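J.: To start, I am sharing the structure in question, which I have written as structure tokens.
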């Protein structure tokens, strides 16, 4: 049962990969849970998805995926019975993120639609039932384990069970946070950027220059500059700046927008083509230049904040909430996020940040330093070094939070295991005879034989 729970947790968290629309020559129902059926094609499609994504496919993949499908159906049935309600905005955002991932994988919306044989809208509708089921299963799982807590005694007991030669070896890791300020350009330089964009607009509308040529030469957006300013948009996507999105969808094909201001800078946008809520646009971004005067003002402001942090007048989390202009940092209390949560390896940090850490001690704050962010914007930041570990074998003194995280996950697995043991027998279960050789299905088969 632990295997099923581990796979279940993974599959709940991961959205399904894009599937090409292939004609199904034959299919059959391989299992039933209550009024929920599981088709053989669902199993084979999951295996094909794993293969396409480069994941290692175990020899017993068919049995493992059938086992997690049975568990998913049981959770979905219970979620419906408990009248759990899905947030439509969250579901839509998940679908948008998945489609956006597909577009990035295949290079463009057009390439994705050609490969899938479906429009983006149709693809989202195809994915919607699967996403809805996964969301219901996730909600039910959270309801079951939501009250699970763990004590320090339980964490130590979990740690003591780990063979000493199996303890994880950690490379040096650091926890760092930042407070970032973006200096504001002077009005004269903002006007210069606006005038420059208005000049580009006039050239395009007069036919003197092509929009894509101007974007390639003059846009300050590194993400689209090499593509002539090209982007694929969907009106429902929440990741786009709302001012940019609204201005784009007011345009007719071929039309160029007036100059608009977003959180990134100033833009003009050209509508290339549009189909319902989907659109292809080009844009030119100009980020007004920052002078030494504005940089000095930002440095002085951060110097004052740093002095307050050192004196204890304000705590780091409070300062982040009040002063940082990095929007993502406000959701992480200013702490950098890496592959291991807030614990970062040196090679996961940008090189300018690494330089700032050279002479910084734990619990110290750096002096303000100017840098250029990933969008090409000038900024100033101070860095807080929360912790730094040396390479070591896992132990409770240095790695308590990591051990506790694993320990509580095991406790949640046990809670899920107990829940399944109590619930499986209450559902109508039927499993096809061809699947009865799967050793993983023991409890499900026992329940099915009683029906």
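J.: Scan segment 233-263 residue by residue and report those that are part of a strand (DSSP E or B) and modelled with pLDDT under 85. Break it down stepwise before answering.
T.: Going through segment 233-263, the residues part of a strand (DSSP E or B) turn out to be 233-234, 256, 260-262.
234 - this is the single residue of segment 233-263 that is part of a strand (DSSP E or B) and modelled with pLDDT under 85.
J.: While we're here: Can you tell me which of 281, 320 is at pLDDT 90 or above, in contact with a helix residue (DSSP H, G or I) (Cβ under 7 Å, 6 or more places away or on another chain) and more than 30 Å from residue 224 (Cα to Cα)?
T.: One residue alone meets the criteria, 320.
J.: Another question, then. If I filter segment 290-298 for residues that are under 23 Å from residue 223 (Cβ atoms) and surrounded by 15 or more Cβ atoms within 10 Å (Cβ to Cβ), do I get at least one hit? Lay out the reasoning, then the answer.
T.: Filtering segment 290-298 down to residues under 23 Å from residue 223 (Cβ atoms) leaves 290.
Okay, now just the ones that are also surrounded by 15 or more Cβ atoms within 10 Å (Cβ to Cβ), so 290.
Yes: segment 290-298 contains one or more residues that are under 23 Å from residue 223 (Cβ atoms) and surrounded by 15 or more Cβ atoms within 10 Å (Cβ to Cβ).
Conditions tested, residue by residue: (1) under 28 Å from residue 183 (Cβ atoms); (2) surrounded by 14 or more Cβ atoms within 10 Å (Cβ to Cβ); (3) in contact with a strand residue (DSSP E or B) (Cβ under 6 Å, 6 or more places away or on another chain).
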residue: 360; (1), (2), (3): yes, yes, yes
residue: 367; (1), (2), (3): yes, no, no
residue: 375; (1), (2), (3): yes, yes, no
residue: 384; (1), (2), (3): yes, yes, yes
residue: 388; (1), (2), (3): no, yes, yes
residue: 398; (1), (2), (3): no, yes, no
residue: 407; (1), (2), (3): no, yes, no
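J.: Among (1) surrounded by fewer than 16 Cβ atoms within 10 Å (Cβ to Cβ); (2) within 30 Å of residue 91 (Cβ to Cβ); (3) in contact (Cβ under 8 Å) with a residue 12 or more places away in the chain, where does residue 274 come up short?
T.: (1)
J.: What residue, of 377, 361, 322, is without any contact (Cβ under 8 Å) to a residue 40 or more places away in the chain and closer than 30 Å to residue 293 by Cβ?
T.: Just one listed residue meets the conditions, 322.
J.: What tally of residues in segment 234-247 results from selecting those that are closer than 19 Å to residue 121 by Cα and either more than 25 Å from the chain's Cα centre (by Cα) or without any contact (Cβ under 8 Å) to a residue 12 or more places away in the chain (or both)?
T.: Result for segment 234-247: 1.
J.: Looking at this structure, is residue 434 in contact (Cβ under 8 Å) with a residue 12 or more places away in the chain and surrounded by fewer than 14 Cβ atoms within 10 Å (Cβ to Cβ)?
T.: Here the answer is yes, as residue 434 does meet what is asked.
J.: Taking residue 220 as meeting all but one of (1) at pLDDT 90 or above; (2) surrounded by fewer than 13 Cβ atoms within 10 Å (Cβ to Cβ); (3) in a loop (DSSP other than H, G, I, E, B), write down the number of the exception.
T.: (2)
To keep it simple, each residue is scored yes or no on (1) part of a helix (DSSP H, G or I); (2) in contact (Cβ under 8 Å) with a residue 24 or more places away in the chain.
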{"position": "86", "(1), (2)": "no, yes"}
{"position": "91", "(1), (2)": "yes, yes"}
{"position": "95", "(1), (2)": "yes, yes"}
{"position": "122", "(1), (2)": "yes, no"}
{"position": "140", "(1), (2)": "yes, yes"}
{"position": "150", "(1), (2)": "no, yes"}
{"position": "154", "(1), (2)": "yes, yes"}
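J.: Taking the condition of being within 20 Å of residue 213 (Cβ to Cβ) and touching a residue at least 60 places away in the same chain (Cβ under 8 Å), how many residues in segment 277-286 meet it? If you could, list the steps in order and put the result at the bottom.
T.: Keep residues of segment 277-286 that are within 20 Å of residue 213 (Cβ to Cβ), which gives 280-286.
Pick out the ones that are also touching a residue at least 60 places away in the same chain (Cβ under 8 Å) and you get 280, 282-286.
Residues that pass the stated criteria total 6.
J.: Answer with yes or no whether residue 258 is more than 24 Å from residue 121 (Cα to Cα), surrounded by fewer than 16 Cβ atoms within 10 Å (Cβ to Cβ), touching a residue at least 24 places away in the same chain (Cβ under 8 Å) and within 32 Å of the chain's Cα centre (by Cα).
T.: No: the conditions fail for residue 258.
The values are calculated or read from the model by the stated rules, or taken from the named source; none is laboratory data. Everything quoted here is computed from the prediction, not taken from an experiment. Using ideal geometry, Cβ is built from the backbone for each residue, glycine included, and neighbour counts are taken over all protein chains shown.
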